[in-house]
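Contents: one structure, followed by commentary.
The values are calculated or read from the model by the stated rules, or taken from the named source; none is laboratory data. Since we're looking at a predicted model, the values are computed, not measured. Don't worry about glycine lacking a Cβ; one is built from the backbone with ideal geometry, like all the others, and counts go over all protein chains shown. Side chains are part of the model used for accessible areas, which takes the heavy atoms of the whole protein and leaves out ligands, DNA and RNA. Shrake-Rupley method; radii C 1.70, N 1.55, O 1.52, S 1.80 Å.
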Amino acid sequence: MTEAMDAEDATADGRPPVRAVGTTAIDPWLAREYGRVLELRNPLYVDAGRARAAGFRDVLVPEGQLFLAGRVGDDGSPPRDALGLPEGFGSVVTGIRTEYRRPVEAGQPFTVRVRRLESGMEPTERVREFHVIEYELTDVDGQVAVVQRLTIAEFRT
């Protein structure tokens with residue numbers, strides 16, 4: 001990613017620049033198994049045939065599993081360095097907010113753009129800093145399908 005791309009992205013919609021870009025997809029078998037284990041009753045989440053009959057490419061991905069799609073590092077890990085996140089067990093995800101704009105289908109490739117947002121939260125006695133990370137998943141049709149924000153509490157050591 002170039003600096004020009006960062007600057008352009010930051011001014012296009014007023015949000016902070018993209019700090020990491022990658023591609024991802026959720027494995028269709030894992031999506032169906034996840035739905036089965038959670039005992040989801042909606043067949044669009046567990047039955048590929050029914051999902052295709054309803055006009056989707058494969059089963060739909062439930063919100064809880066979508067969190068796995070935000071791993072855009074070369075080794076499948078979050079882009080900690082690009083986002084300035086702490087390493088190791090010194091932090092924990094304290095909140096996940098997901099906004100579905102379009103259906104998310106298993107096996108469908110996505111482009112993931114990751115931004116770091118201002119948290120607006122003050123440190124506490126135990127928390128050094130709150131980090132808010134935004135994952136924007138764009139589908140194969142070029143549409144933003146999901147915006148997911150994670151709030152991460154970085155503990156004092």
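Can you name the residue in the range 130-141 that is charged (D, E, K, R) and under 21 Å from Val92 (Cα atoms) and, of all such residues, is surrounded by the fewest Cβ atoms within 10 Å (Cβ to Cβ)? That would be Glu134. If you go through the range 135-157 and pick out every residue that is under 17 Å from Pro16 (Cα atoms) and out of contact with any strand residue (DSSP E or B) (no Cβ under 8 Å at 6 or more places or on another chain), you end up with 0.
Kindly evaluate Arg116 against the criterion of being under 14 Å from the mean Cα position of the chain (by Cα), closer than 19 Å to Gly22 by Cα and in contact (Cβ under 8 Å) with a residue 12 or more places away in the chain. Here the answer is yes, as Arg116 does meet what is asked.
Does Arg128 fit the bill of being more than 21 Å from the chain's Cα centre (by Cα) and more than 15 Å from Arg97 (Cβ to Cβ)? If you could, list the steps in order and put the result at the bottom.
Details: more than 21 Å from the chain's Cα centre (by Cα): yes; more than 15 Å from Arg97 (Cβ to Cβ): yes.
Here the answer is yes, as Arg128 does meet what is asked.
Remark: pairs (first residue in the range 22-48, free of Cβ contacts under 8 Å to residues at least 12 places away in the same chain and on the phi < 0 side of the Ramachandran plot; second residue of a type outside the set (Ser, Thr, Tyr) and not in a helix (DSSP H, G or I); Cβ separation under 7 Å; 6+ apart in sequence or on different chains) = Arg36/Val46.
In the condition set (1) at pLDDT below 70; (2) surrounded by 17 or more Cβ atoms within 10 Å (Cβ to Cβ), Gln65 is compliant with all but (1).
Filtering the range 22-32 to residues that are open to solvent by less than 60 Å² (accessible area, probe 1.4 Å), farther than 14 Å from Glu63 by Cα and part of a helix (DSSP H, G or I) leaves only Pro28.
If you go through the range 87-113 and keep only what is over 23 Å from Pro28 (Cβ atoms) and touching an Asp or Glu at 6+ places or on another chain (Cβ under 7 Å), you end up with Gly90, Ser91, Arg113.
So that you can scan it fast, the table gives a plain yes or no per residue for (1) surrounded by 20 or more Cβ atoms within 10 Å (Cβ to Cβ); (2) hydrophobic (A, V, I, L, M, F, W, C); (3) touching an Asp or Glu at 6+ places or on another chain (Cβ under 7 Å):
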residue: Leu117; (1), (2), (3): no, yes, yes
residue: Gly120; (1), (2), (3): no, no, no
residue: Arg128; (1), (2), (3): no, no, yes
residue: Gln143; (1), (2), (3): no, no, no
